[in-house]
Amino acid sequence: MKRQYKLSPSIFAANIANLKEQIEILESNNIELLHVDVMDGHFVDRMAFGADHIKMIKEMTSIPLDVHLMIEEPEKHLDSIIKAGADIITIHQESTTRLYSCLQKINKANIKSGVVLSPGTSAQTIENVIDLVDMVLIMTVNPGEGGQSFLPDMLAKIEKVKKMVGDKNIDIEVDGGIDNKNIDLCSKAGANVFVSGGYLFNGDMGEKIKALREKLL
Ligand code: DX5
Ligand code: ZN
């Protein structure tokens, strides 16, 4: 059976002044997920989107929100992010010494949970939490900035995670520098959820979505 793939446009790359219009374009193109990057200026240098913004976005659309936490001590913010309406919360392996309990807490709230691997973190580091998650997010750039170039070395990591996941119902997401030239490579390696920021939001969004989907057929 062919695995179901999903696109998750990253609103970090959206034009906030036109956010409503851009979300409407995503909706009319049947986009599966909306990727929301939360950055705290510590775990990564930039700052972006807190719980209040997630709540506002949730009120604007019915597309499920795929919330990517790039923050230190995520355990302190889970309650507010859950309450704001996140549908999936992913946590960096590197961001907390309480990864297991954070994932337990998300699962208890009956929303989807995921663990994220930065480029320097190996696949083996998540072996002990794999049965707790609905998704593994493999960063294909260093976290914290949009518009960076895709790191081809991450393809081998996607393959390793795919092996670890086996037949389990766990999505494998890639985030960073995804475009129409590398999305099929990620898919062949085992990914089935694709974040796209700079590529998708610049130019004709409908055409960009089409170009990405064509590569996944
Ligand atoms: C980077 C963020 C990404 C980013 C992707 O740290 O996690 O979600 O917005 O943007 P592009 O596709 O431009 O790399
Ligand atoms: Zn992200």
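The values are calculated or read from the model by the stated rules, or taken from the named source; none is laboratory data. Treat the numbers as computed from the prediction; the structure is a model and nothing was measured. Positions of Cβ are generated from backbone atoms using ideal geometry, with glycine treated the same way; all protein chains shown enter the neighbour counts. For the accessible areas, the whole protein counts, side chains as well, though only heavy atoms, and no ligand, DNA or RNA atoms are used. Shrake-Rupley method; radii C 1.70, N 1.55, O 1.52, S 1.80 Å.
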Which residue out of 144, 166 is of a type in the set (Gly, Ala, Ser), farther than 18 Å from residue 198 by Cβ and at pLDDT 95 or above?
166
Output for Cβ contacts, cut-off 7 Å, separation at least six or different chains, first residue in a loop (DSSP other than H, G, I, E, B) in region 194-208, second among the aromatic types (Phe, Trp, Tyr), reads 197/12
Could we say that residue 142 is in a loop (DSSP other than H, G, I, E, B) and not aromatic (Phe, Trp, Tyr) here?
yes
Residue selected from region 72-86 under the condition open to solvent by less than 10 Å² (accessible area, probe 1.4 Å) and within 16 Å of ligand 1 (Cβ to nearest atom), by the criterion nearest to residue 111 (Cα to Cα):
86
Inside region 35-54, the number of residues satisfying the requirement of being within 20 Å of residue 201 (Cβ to Cβ) and either buried (at least 18 other Cβ atoms within 10 Å of the Cβ) or without any contact (Cβ under 8 Å) to a residue 40 or more places away in the chain (or both) is 11
Screening 31, 89, 57 for residues that are crowded, with 19+ Cβ neighbours inside 10 Å, within 20 Å of residue 104 (Cβ to Cβ) and among the hydrophobic types (A, V, I, L, M, F, W, C) leaves only 89
I'm trying to understand the selection: among the residues of region 59-94, which are touching a Leu at 6+ places or on another chain (Cβ under 7 Å) and among the hydroxyl-bearing types (Ser, Thr, Tyr)?
61, 90
From the options 173, 127, 159, residue that is among the charged types (D, E, K, R) and open to solvent by less than 10 Å² (accessible area, probe 1.4 Å)
173
Tell me which residues, restricted to region 139-153, are buried (at least 23 other Cβ atoms within 10 Å of the Cβ) and away from ligand 2 (no atom under 11 Å from the Cβ).
none
Criterion: touching an Asp or Glu at 6+ places or on another chain (Cβ under 9 Å), farther than 30 Å from residue 25 by Cβ, buried (at least 19 other Cβ atoms within 10 Å of the Cβ) and in contact (Cβ under 8 Å) with a residue 12 or more places away in the chain - qualifying residue of 95, 113:
95
Within region 19-31, is there a residue that is within 16 Å of ligand 1 (Cβ to nearest atom) and either under 15 Å from residue 68 (Cβ atoms) or hydroxyl-bearing (Ser, Thr, Tyr) (or both)?
no
